[in-house]
1. Out of the stretch 349-387, which residues are surrounded by fewer than 21 Cβ atoms within 10 Å (Cβ to Cβ) and on the phi > 0 side of the Ramachandran plot?
2. Among the residues of the stretch 114-134 satisfying the criterion of being charged (D, E, K, R) and assigned to a loop (DSSP other than H, G, I, E, B), which is farthest from Leu102 (Cα to Cα)?
3. Out of the stretch 146-165, which residues are within 22 Å of the chain's Cα centre (by Cα) and either of a type in the set (S, T, N, Q) or open to solvent by 60 Å² or more (accessible area, probe 1.4 Å) (or both)?
4. Within the stretch 180-213, can you find the residues that are modelled with pLDDT of 75 or more and at positive phi?
5. Quick one: in the stretch 359-387, which of the residues that are aliphatic (A, V, I, L, M) and in a helix (DSSP H, G or I) is farthest from Glu40 (Cα to Cα)?
6. Would you confirm, using the coordinates I've provided, whether Leu339 is surrounded by fewer than 24 Cβ atoms within 10 Å (Cβ to Cβ), hydrophobic (A, V, I, L, M, F, W, C) and touching a Leu at 6+ places or on another chain (Cβ under 7 Å)?
7. Could you tell me which of the residues Arg261, Arg253, Arg236 is farther than 28 Å from Arg85 by Cβ and either part of a helix (DSSP H, G or I) or in contact with a Cys (Cβ under 7 Å, 6 or more places away or on another chain) (or both)?
8. Would you check which residues across the stretch 135-145 are open to solvent by less than 40 Å² (accessible area, probe 1.4 Å) and assigned to a helix (DSSP H, G or I) and list them?
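The values are calculated or read from the model by the stated rules, or taken from the named source; none is laboratory data. Keep in mind the model is a prediction, meaning the values are calculated, not measured. Positions of Cβ are generated from backbone atoms using ideal geometry, with glycine treated the same way; all protein chains shown enter the neighbour counts. These area figures cover heavy atoms from the full protein model, side chains too; ligands, DNA and RNA do not enter into them. Shrake-Rupley method; radii C 1.70, N 1.55, O 1.52, S 1.80 Å.
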Amino acid sequence: MSSAADLLEFPALVAILDRYARTPGGHRAILASTPGQSRETLDRVFALAGEAARYLRDAEAGRRGVLRLDFGGVADVAPLLAELRIEGAALEAGGIASILLLLDRASDLRQILDSLAADYPQLWRVAGSASDFSPLLREFSGKILPDGTLDDRASPALHRIRQELGRKRLAIEASLEKVLRDHTEGALQEDWIGIRNDRFVVPVKAGMKRRIEGVVHGTSSSGQTLFIEPLETIERNNELIALREEEMREIHRILLEMTSRLRERSAEIAVALEAVTELDAAFARGAFAREFECTMPEIGADRLVLKEARHPVLQDVLRARRIKVVPLTLALDHDKRVLVISGPNTGGKTIALKTVGLLSLAAQAGIPVPATEAAFPLFHRVLADIG
């Protein structure tokens, strides 16, 4: 970032715009905004932002069919896509759930904007680039719980194993509760069942070890309590551990299978991520444009025109105090190439210069301009010497 951009508070403007992004990709796209984009790129960005601003206005007005779009909850899946390309790798259930949420958001955006393609063709062009993932989402539906673990219904084998695990735990707990009842006085340090080294144990006073036969699986920090696995539960604990190992093998098999299914469509998933990112960035610009009463500037003009323009960083600060920024209007062209601003101290000369400079940078970084009308040439450089 050049010193002129810092002087003109361009980073502060980008930070304001970034408030409106909702996805990790959208944040990255906004924070990467820099002046110097090509006219073709800027035309595309402003066309999307303009449609997004109009869409938000129509949604707020309750226009039929214009539903609020949801970008919430989308995680940063770019690293997961890199891992997905590794043949034989298995993503964790939480990672798979993150990818499925992205695909769900992309499918929703595609479906909503499909019915509105005639009114928002630029938004539909981006949303429509994502594939229809509905069959894949139905295939994976209900298999991963909100906490990122596999549901029992992920496979018949997993359902059977977990049911058996439940029965084994109940049998072990019943056996240990009998031990607790039989030794309510004397040997037990406390009346509870614990787990040590993945095995169910009871707390026994160190001096009463011989009263309960079994395997010691640890000692308390004070040394006063031994955690003993009674003999009568050892075989059941062994069976429980064997079932847990079987459960882990089945989970790994399921994750491998699910990862493989996603790998088959990794290229399409990457396109969906790009689409959601681009739409999120467009709606961030659109929301900024609505809140700061912006226009989409004309780029590549043979003049510089600002009508009722405001400095967005100053506007953001003063808005919190419920103070309105005094707008400025000016025009420069081939015949009027220099503008001299004069007046008393605190008369607004510096902020006028900063406004022109900052909005020139904003326009060439794809950021809507707080003004009722704006036109800019394509500048090679924007220089500033203020103060």
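1. If the condition is that a residue be surrounded by fewer than 21 Cβ atoms within 10 Å (Cβ to Cβ) and on the phi > 0 side of the Ramachandran plot, then Gly387 is the only one that fits.
2. Step one: list which residues in the stretch 114-134 are charged (D, E, K, R), which gives 114, 119, 125, 132.
Filter once more, keeping what is assigned to a loop (DSSP other than H, G, I, E, B): 119, 132.
Numbers: Asp119: 25, Asp132: 12 Å.
Out of the qualifying residues, it is Asp119.
3. Pro146, Asp147, Thr149
4. Residues satisfying the conditions are Asn197, Asp198.
5. Selected residue: Leu359.
6. Taking the combined requirement at face value, the residue satisfies it.
7. So the residue among Arg261, Arg253, Arg236 that is farther than 28 Å from Arg85 by Cβ and either part of a helix (DSSP H, G or I) or in contact with a Cys (Cβ under 7 Å, 6 or more places away or on another chain) (or both) is Arg236.
8. Result: Leu136, Leu137, Phe140.
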